[in-house]
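Chemist: Shown below is the structure under consideration.
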């Protein structure tokens with residue numbers, strides 16, 4: 001299998017395994033989430049899977065471009081990418097699985113910092129795909145606002 005094809009297969013399988021696991025945890029915790037008081041600017045429920053799917057697609061393409069590169073930074077970038085996917089999944093567990101809203105908020109701030117490091121590494125390898133990850137960082141910032149709001153209101 002060519003490196004380019006291998007990089008896309010690897011990236012999409014890795015990314016969407018984590019996405020599917022997080023989605024399952026989220027789905028299982030939705031009955032509790034729906035009963036909470038939500039902060040101002042909370043979008044309608046249908047928007048979350050749309051945005052997350054788009055973000056995971058952007059992440060997977062970015063990971064594929066980085067993985068296929070010959071940059072000496074590639075192993076570090078892929079490691080940080082995998083760490084942020086793992087952290088993203090565990091945020092779902094903390095927030096939707098256990099209802100630990102303050103812990104999830106703090107975890108989300110740490111995730112934001114790890115994603116920033118990932119963006120810097122991606123940018124050094126592929127400027128375009130590094131910049132496209134900024135949408136993920138912005139969404140995490142908005143998610144932090146929502147997470148904090150849920151914690152403070154409930």
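Read-outs: derived from the displayed coordinates by stated rules, not from any lab. These figures come from a predicted structure and were not determined experimentally. With ideal geometry, Cβ positions are generated from the backbone for all residues, glycine too; neighbour counts draw on all protein chains shown.
Chemist: Using only Cα atoms, find the angle between the long axis of helix 3-34 and the longest principal axis of the chain, and express it within 0 to 90 degrees, rounded to the nearest 10.
Modeler: 0 degrees
Chemist: Which value at 222 nm does the chain reach when only helices count, each DSSP H run of 4 or more adding -39,500 (n - 2.57), with the total divided by all residues and rounded to the nearest 500 deg cm²/dmol?
Modeler: The helix contribution divided over the chain gives -27500 deg cm²/dmol.
Chemist: Related question: Contour minus end-to-end for residue 46 and residue 152, with contour as 0.36 nm per residue of separation and end-to-end as the Cα-Cα distance?
Modeler: 35.8 nm
Chemist: Continuing with this model, one more query. Roughly how tilted is helix 134-153, in degrees to the nearest 10 and between 0 and 90, from the longest Cα axis of the chain?
Modeler: Once rounded, the angle reads 20 degrees.
Chemist: With the convex hull built on the Cα atoms of the range 1-90, state its orientation-averaged projected area in nm².
Modeler: 6.9 nm²
Chemist: What is the spread of the Cα atoms of the range 3-153 along each of their three principal axes, largest first, in whole Å?
Modeler: Its Cα atoms span 49, 23, 22 Å along the three principal axes.
Chemist: Related question: Specify the angular offset, from 0 to 90 degrees and rounded to the nearest 10, of the alpha carbon long axis of helix 47-67 from the longest principal axis of the alpha carbons in the chain.
Modeler: On a 0 to 90 degree scale, this one is about 20.
Chemist: Here's another thing I want to ask about it. Over the range 71-154, what is the relative contact order in percent, taking alpha-carbon pairs closer than 8 angstrom and at least six residues apart?
Modeler: Reported as a whole number, the value is 33 percent.
Chemist: Just to be sure I understand the model, the point goes 7 Å from the Cα along the line to the Cβ. What's the resulting residue 102 to residue 30 distance in nm?
Modeler: Rounded to a tenth, the inter-label distance reads 3.0 nm.
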